[in-house]
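Heads up: the structure comes next, in structure tokens.
Bear in mind these aren't lab numbers, they're just calculated from the coordinates by the rules spelled out. From a predicted model like this one, the values you see are computed outputs, not experimental measurements. Methodologically, a virtual Cβ is constructed for each residue, glycine included, from the backbone with ideal geometry; neighbour enumeration extends over all protein chains shown.
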Amino acid sequence: MAREQWNFHGTDLSVRGKWDVEEVLEGIGIPPYRGSDLGVPFQHGKRWIKKRFDRRKVVLSMWIKGANRERLDQHIDEFLKGIGTPGLHPLRRVMKNGEIREAQGELCAPIHLARKGPGYAKFALEIELADPFFYGTTLSTETKVSSGTKTTWTHANVGTAQAVKMKVTLTGPLSNPVLWNKSNDVWLQYLGSLGIGDTLVIDTKAFTALLNGVNRISAIRHGGDPYWMVLGPGNNSLELETGTVGGSAKVEYYPAFY
């Protein structure tokens with residue numbers, strides 16, 4: 001039976017006869033929230049505010065072994081050389097079904113090797129994720145052509161978390177186009193007209209809007225959330241509203257996973 005695999009900074013964390021991941025102690029599931037409810041003078045309790053997810057750690061229980069003390073030390077040096085470069089690096093999780101999910105992590109905690117014998121040692125590998133989510137490596141993309149002033153469809157987000165980092169490409173002819181997510185009331189609009197062949201690329205991660213390569217950020221409007229667009233996990237009811245039909249909207253993103 002296939003087993004789950006981990007890789008950090010290009011180093012396979014499961015190498016037969018050298019080292020392996022014994023257990024995932026922390027880092028799979030819902031990450032912690034950032035923020036707290038507000039205390040209001042002369043009122044009971046607190047006032048609820050919307051929270052955001054905070055950074056989190058992935059903690060892997062691991063072992064290293066060798067035929068003897070000398071070989072163990074060689075394997076320790078080899079392992080530390082592979083993962084010890086400072087900075088942000090890819091942390092890849094390969095699921096049992098072969099699906100790949102990837103995060104960006106940094107080795108921030110010290111590694112304490114507990115020797116259990118002349119050829120065996122155990123330790124915990126702690127990797128901190130500034131962005132707490134794993135992302136699929138297959139781009140999710142969908143294009144809808146406006147068939148009327150309002151075009152509706154259902155989009156399936158295969159991730160387990162909200163998708164907020166995406167590219168929305170609007171291609172003319174369109175007039176004051178609005179992309180609505182009716183499932184959460186988040187909307188994104190371009191105030192202006194796109195002629196035939198005009199392309200507006202909106203990057204909700206970088207907060208940019210380029211019309212045929214020219215900055216048009218001043219013509220962008222959005223509402224429902226500080227993020228420009230939010231796709232919840234599962235089905236999302238989307239709508240493209242425009243005064244001129246015939247254009248299209250394309251949404252591209254990598255699904256996010258807890």
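Here are the numbers:
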read-out	value
5 Å binning of all Cα-Cα separations within the chain, expressed as whole percents from 0 upward	1, 5, 11, 13, 13, 11, 10, 9, 8, 7, 5, 3, 2, 1, 0, 0
Formal net charge of residues neighbouring ASP77 (Cβ-Cβ distance under 15 Å; K, R +1; D, E -1)	+3
Residue-by-residue Karplus 3J(HN,Hα) for segment 178-193, coefficients 6.51, -1.76, 1.60, Hz, glycine and proline x	10, 9, 9, 9, 5, 6, 9, 6, 9, 9, 9, 9, 10, 8, x, 10
Reach of LYS122 by Cα under 22 Å, taken over lysines that are not fewer than 8 positions away in the same chain	LYS18, LYS57, LYS65, LYS81
Amide H partners (placed H, <5 Å) of MET166, local residues excluded	THR204, LYS205
Highest to lowest packing among 21-28, 57-64, scored as the average C-beta count within 10 Å	57-64, 21-28
Between 0 and 90°, nearest 10: helix 69-83 axis offset from the chain longest Cα axis	20
Subset of LYS51/LYS165; LYS50/LYS150; LYS50/LYS182; LYS144/LYS167; LYS96/LYS250; LYS46/LYS165 violating a 25 Å alpha-carbon distance limit	LYS50/LYS150; LYS96/LYS250; LYS46/LYS165
Listed residues THR160, ILE202, THR149: farthest to the positive end of the dipole of the chain (Cβ charges)	THR160
Net charge of neighbours whose Cβ lies under 10 Å from the Cβ of LYS150, counting Lys and Arg as +1 and Asp and Glu as -1	-2
For segment 5-135, Kirkwood radius (reciprocal of mean inverse C-alpha pair distance, Å)	16.7
Globularity ratio of segment 138-257, using Cα Rg and 2.2 N^0.38 Å	0.96
Dipole magnitude (debye, nearest 20) for the chain, charges at Cβ of Lys, Arg, Asp, Glu	360
Those residues of segment 123-166 whose amide nitrogen sits under 14 Å from the label point placed on ALA206, 7 Å along Cα→Cβ	166
